[in-house]
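The values are calculated or read from the model by the stated rules, or taken from the named source; none is laboratory data. Here the structure is a predicted model, which is why all the values come from computation and not from measurement. Virtual Cβ from ideal backbone geometry, glycine too; neighbours counted across all protein chains shown. Heavy atoms of the whole protein, side chains included, go into the accessibility calculation; ligands, DNA and RNA do not. Shrake-Rupley method; radii C 1.70, N 1.55, O 1.52, S 1.80 Å.
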Amino acid sequence: MSGAGCDTPLKALVLGYGIRGRTYAAYAARHPREFELAGLADPAAEFPADSPYPRFRTWEEALAADTGAEAAIIALPDRLHLPAAEAALAKGMHVLLEKPLGCTWDECEKIRAARARAGKMVLAGYVLRYSPYYRELREIVASGEIGELTSVHHLAAISYGKASHAFCRGNWSVESEGTGMLVNKCSHDFDLIEWWTKGRRCRKISSFGSLMHWRPQERPQGAAERCEDCPAQVRAGCPFDARRLYCEREDLRYHFADMSDAAMDKVVKESRYGRCVYAGGNDSVDHQTVLMDFDGGLTIILEMESYSKERRRVSHFFGTRGEIVADEKTIEVKPFLGGDRTVYPDTAGAHGGGDAGIMAQFAFLARKASKERYASILDGALESHRLAFLAEESRKTGKTVDCLAAGGRNG
Ligand SMILES: NC(=O)c1ccc[n+]([C@@H]2O[C@H](COP(=O)([O-])OP(=O)(O)OC[C@H]3O[C@@H](n4cnc5c(N)ncnc54)[C@H](O)[C@@H]3O)[C@@H](O)[C@H]2O)c1
């Protein structure tokens, strides 16, 4: 959706100037017809020296200031999503809120109530559904070309580098400090599932998962607390050696504002990202499976896996008249009658173009959508959060959860 339909640019604050905040602020700066940046807030970030935008230390200061902002882009740590969203909505702003919306289902319900009071929009940071690849995939699934869906196998392979960074060494390594890996990482995947199954209710959900490998019991003999202190022969055999991941490769550097070699050297020597993955202190799962039973008998398996070489999602759809196999590069459509075909959607850009797509959509919806649409946008996002929280309930209790009887969590 192009933001060209906007009459005037949307005046927006960016709250949290980490990886996500920088991405959104950069888009806004590049698209002055869609956005006018009202300010940036972060206590720790280094703002560009030539940045012309007002700067604030905290999100509270930014919201209290007289900026004339009509919208807040909330890219704060998970635990600050609820208070910042409530405050921005109370000031009459539209909100682009990074996922997870809330750290618990109760927090999600509070965001629903705050949005209803304000009558504004809360758009969840589900960037994937705004990418050309996922739009095309959804269209093919919804077209009925492979008949009625009977099952979907969806793999979210995180990759051992990214997973060790975020869920073993980093921000989401301790479950009690956030939402747990499934809600944090796979809320995207629950969102896709909610989109693919639009109109069908998930009736039952079961989940299994654990932390199998990044534990002190698995620590190689002689390994030190930090990679830099580890004997050379132990490091040579360790795929998770921090110097190999951060200094010899390029693909994890985007997590840091300064991506230079010198900065990466410091990361390995001084930060939490130089710790041995087996040193302990982390309790996030490293793999998890979710089984879902939908109206009409459709079954869906979602697999979240840390130990993959590549980072990608693979979705396999089975229907009564054919199959679709999609791997974030190509979409293979295999009808039982007629020939197979392969579709090659445009996958350029961050999150396959989804980061730009969601920003254009946010500006467009803020100007053009109705109040009823604002309500349904958040309800859809909350349904996918609800399923993720119910899956966690199943993993922790060891029981299949009846989603239709799940009280207040029943959408
Ligand atoms: N949609 C996606 O694909 C996607 C991808 C990654 C992360 N996320 C989500 O985005 C959010 C941010 O993640 P990130 O990777 O950018 O993290 P980050 O740590 O890089 O950025 C968060 C920033 O918030 C700042 N901050 C902390 N307290 C603050 C305060 N009181 N006021 C203002 N700023 C404050 C921090 O200094 C930091 O710079 C998280 O909720 C995460 O789950 C979404």
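Scan the range 6-111 for GluC sites (Glu not before Pro) in coil per DSSP, keeping those whose Cβ has at most 14 other Cβ atoms within 10 Å, and list them by number. Before the final figure, lay out each step's value.
Working: sites: 34, 36, 46, 60, 61, 70, 86, 98, 107, 109; in loops: 34, 46, 70, 98.
Those satisfying the criteria are 46.
What ratio of Cα Rg to 2.2 N^0.38 Å holds for the range 216-274?
Its radius of gyration relative to the 2.2 N^0.38 Å reference: 1.14.
How far apart, in nm, are two points set 7 Å out from the Cα along the Cα-to-Cβ line at residue 55 and at residue 399?
The two pseudo-label positions are separated by 5.3 nm.
Roll a 1.4 Å probe over the protein chains and send me the accessible area per residue for the chain in Å².
Averaged over the residues of the chain, the accessible area is 43 Å².
Taking only the Cα atoms of the chain, how large is their convex hull per residue, in Å³? Don't skip to the answer; put the middle values down first.
Details: hull volume 60.2 nm³, N = 411.
That works out to 147 Å³ per residue.
Tell me, what ³J(HN,Hα) does each residue in the range 266-278 have, in order and in whole Hz, if you take phi through Karplus 6.51 cos²θ - 1.76 cosθ + 1.60 with θ = phi - 60° and put x for Gly and Pro?
5, 4, 5, 7, 10, 9, 4, 6, x, 7, 4, 5, 9
Short version: ³J(HN,Hα) in whole Hz for each residue of the range 358-368, in order, from phi by Karplus 6.51 cos²θ - 1.76 cosθ + 1.60 (θ = phi - 60°), x for Gly and Pro, what are they?
After applying 6.51 cos²θ - 1.76 cosθ + 1.60, I find 5, 5, 4, 5, 4, 4, 5, 5, 4, 8, 10 Hz.
Would you mind telling me the share, in percent, of accessible area of the chain contributed by carbon and sulfur at probe 1.4 angstrom? Each step should come with its number before you reach the end.
Values: 8950 of 17570 Å².
Summing carbon and sulfur atoms, their accessible area is 51 percent of the total for the chain.
Run the simple label-point estimate for residue 272 and residue 311 please: 7 Å along Cα→C-beta, distance reported in nm.
With each label placed 7 Å out from Cα toward Cβ, I get 1.8 nm.
With a/c under 1.5 counting as rounded, go ahead and sort the range 287-329 into rounded, prolate or oblate using the C-alpha gyration tensor (a ≥ b ≥ c being the square roots of the eigenvalues; past the cut-off, prolate if a/b is larger than b/c, else oblate).
Numbers: a/c = 4.26, a/b = 1.39, b/c = 3.07.
The shape class here is oblate.
Probe radius 1.4 Å, ligands and nucleic acids left out: which of 258, 66 has the largest accessible area, and how do the rest follow? Let's see the in-between values first.
Values: 258 85, 66 155 Å².
Order by accessible area, largest first: 66, 258.
Give the long-range amide H neighbours of residue 123: residues separated by 5 or more places, or on another chain, with amide H under 5 Å away, using H modelled in the peptide plane at 1.01 Å from N.
95, 96, 97
Using the Karplus equation 6.51 cos²θ - 1.76 cosθ + 1.60 (θ = phi - 60°), what ³J(HN,Hα) coupling, rounded to whole Hz, does each residue of the range 197-206 give in order, writing x for Gly and Pro?
For the range 197-206, the Karplus curve yields 10, 2, x, 9, 9, 7, 8, 9, 9, 9 Hz.
In vacuo Debye scattering of the range 3-128, one point per C-alpha: log10 I(q)/I(0) at q = 0.11, 0.17, 0.20, 0.23 Å⁻¹?
-0.33, -0.82, -1.14, -1.47
Select from 69, 348, 25 the residue whose mean-square fluctuation is largest in a Gaussian network model of the chain (Cα-Cα springs shorter than 10 Å).
348
Would you calculate the convex hull of the Cα atoms in the range 254-341 and tell me its volume per residue in Å³?
Numbers: hull volume 14.4 nm³, N = 88.
For the range 254-341, the hull spanned by Cα atoms encloses 163 Å³ per residue.
So for the chain: antiparallel DSSP bridges make up what percent, rounded to the nearest 5?
Numbers: 39 of 65 bridges.
If we restrict to bridges inside the chain, about 60 percent are antiparallel.
Based solely on its DSSP helices, what 222 nm [θ] is calculated for the chain when runs of n ≥ 4 H residues each add -39,500 (n - 2.57) and the sum is averaged over all residues, nearest 500 deg cm²/dmol? Intermediate values should be presented prior to the final figure.
Working: 11 runs with 130 residues, N = 411.
Value at 222 nm, helices only, nearest 500: -10000 deg cm²/dmol.
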